[in-house]
Amino acid sequence: MRIAVTGATGLIGSALVRSLRADGHEVVRFVRREPVGADEARWDPARGFVDPAGLARCGAVVHLAGAGVGDHRWTAAYKREIRDSRVLGTATLAHALAALDEPPAVLVSGSAVGYYGDTGDRVVDEDTPAGQGFLPSVCVEWEAAAAPAQEAGIRTAFARTGLVVAREGGAWGRMFPLFRAGVGGRLGNGRQYWSYISLRDEVAALRHIIDTPGLSGPVNLTAPEPLTNRQVTEAMARVLRRPAVLPVPAVALRVVLGEFAEDVLGSQRARPARLLGSGFVFHDPGIEQAIRAAL
């Protein structure tokens, strides 16, 4: 199958591209610069441009592009970049797909469990309404921006991804060096739930969505049972055989991270009801398995 991928150089996108190509699929990577190979196509989401030749003959499109939520302190300008990179990018791509004479069968569009906001101890699934705050509002607009593709009859799924356990990037990419150095620890009181997923399960889940015709709408991409930050910290210490005795106080996180600290300290106890209901089998259902897979 010919498959187009945006965000193909990111943590998830690069792993997905490797997996698809290893199985013989033709992958077209959408880039914002001038293409340098036959496997690349140009797009400029800020200007509403997508090269239609890159989308031609694609059976599926996976849209993962977006500014990193934790890459910078949340100034007003960076919050606009977080929102615009997702909403404008999705709208641009959705309009381009809807305009094709032969659109793809499926669009898998990125989203996040941040959709639910701070849920405390409450278990949430794909039927739970959006929470309150900046990230939930971004996720709502992000998903709504795909409406042109849906209205054109393209099966559209929203991959609401949790915290990806990987060495190469994301939250875990920052945590592994700290724990290896023996200076890892819980964040705040450690009682907030983390909905995590191993990188290989994330990639497998995205491919499962592509290959499962009845799967559309929101799909939580998280391990079956979320754990508290304290439980995750203890698992990291066990697997890496390092102490984890230096907690990071909530007030320190707020000083360093600003507004983003509230989301780090927030709790999302999300379960992948639709993924499990569609027959997906996790390689790494437990946190120690996910950590070992990353190592």
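The values are calculated or read from the model by the stated rules, or taken from the named source; none is laboratory data. Quantities reported herein were computed from a predicted structural model and do not represent experimental measurements. Cβ placement follows ideal geometry from the backbone for every residue including glycine, while neighbour counts extend to all protein chains displayed. Accessible surface is based on the protein model in full, side chains and every heavy atom, while ligands, DNA and RNA are left aside. Shrake-Rupley method; radii C 1.70, N 1.55, O 1.52, S 1.80 Å.
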Next on the checklist: I'd like the distance separating the alpha-carbon centroids of region 210-237 and region 1-59, in whole Å.
Outcome noted: 26
Checklist outcome for this item: The equivalent-ellipsoid semi-axes of region 98-239, taken as the square roots of five times the Cα gyration tensor eigenvalues and listed largest first in whole Å, are 32, 17, 12
Checklist outcome for this item: If one builds a Gaussian network model of the chain from Cα atoms under 10 Å apart, the most fluctuating residue listed among S109, S278, S195 is S278
Next on the checklist: For region 1-94, place one equal point scatterer on every Cα, skip the solvent, and apply the Debye formula. What is log10 of I(q)/I(0) at q = 0.11, 0.13 Å⁻¹?
Outcome noted: -0.32, -0.45
Next on the checklist: Let me see the P(r) profile for region 80-123: every Cα-Cα distance counted, bins of 5 Å, each bin given as a percent of all pairs.
Outcome noted: 5, 16, 21, 18, 13, 12, 9, 4, 2, 0
Checklist entry - Which value in nm describes the separation of the simple spin-label points at S278 and E234, placed 7 Å from the Cα toward the beta carbon? => result 3.4
Checklist outcome for this item: Placing each pseudo-label 7 Å from Cα in the direction of the beta carbon, A130 and L178 end up separated by a distance in nanometres of 3.0
Checklist entry - Placing +1 at every Lys and Arg Cβ and -1 at every Asp and Glu Cβ, with all other atoms neutral, what dipole size does the chain have around its Cα centre, in debye to the nearest 20? => result 1000
Checklist outcome for this item: So, with points 7 Å from each Cα along the Cβ direction, the L246-R80 label distance in nm works out to 3.8
Item to check | Within the accessible area of the chain (1.4 Å probe), percent carbon and sulfur | outcome: 53
Checklist entry - Å³ per residue of the Cα convex hull, for region 23-158? => result 141
Item to check | Length gained when the stretch R32-A144 is fully extended (0.36 nm per residue, less Cα-Cα span) | outcome: 38.0 nm
Checklist entry - Based on the mean of other beta carbon atoms within 10 Å per residue, what is the order of 204-213, 41-50, most packed first? => result 204-213, 41-50
Checklist entry - Principal axis lengths of the chain from Cα atoms, whole Å, largest first? => result 58, 40, 39
Checklist entry - Quick one: accessible area per residue over the chain, 1.4 Å probe, rounded to a whole number of Å²? => result 44
Checklist entry - Calculated from DSSP H runs of 4 or more alone, at -39500 (n - 2.57) each and per residue, what is the 222 nm mean residue ellipticity of the chain, nearest 500? => result -11500 deg cm²/dmol
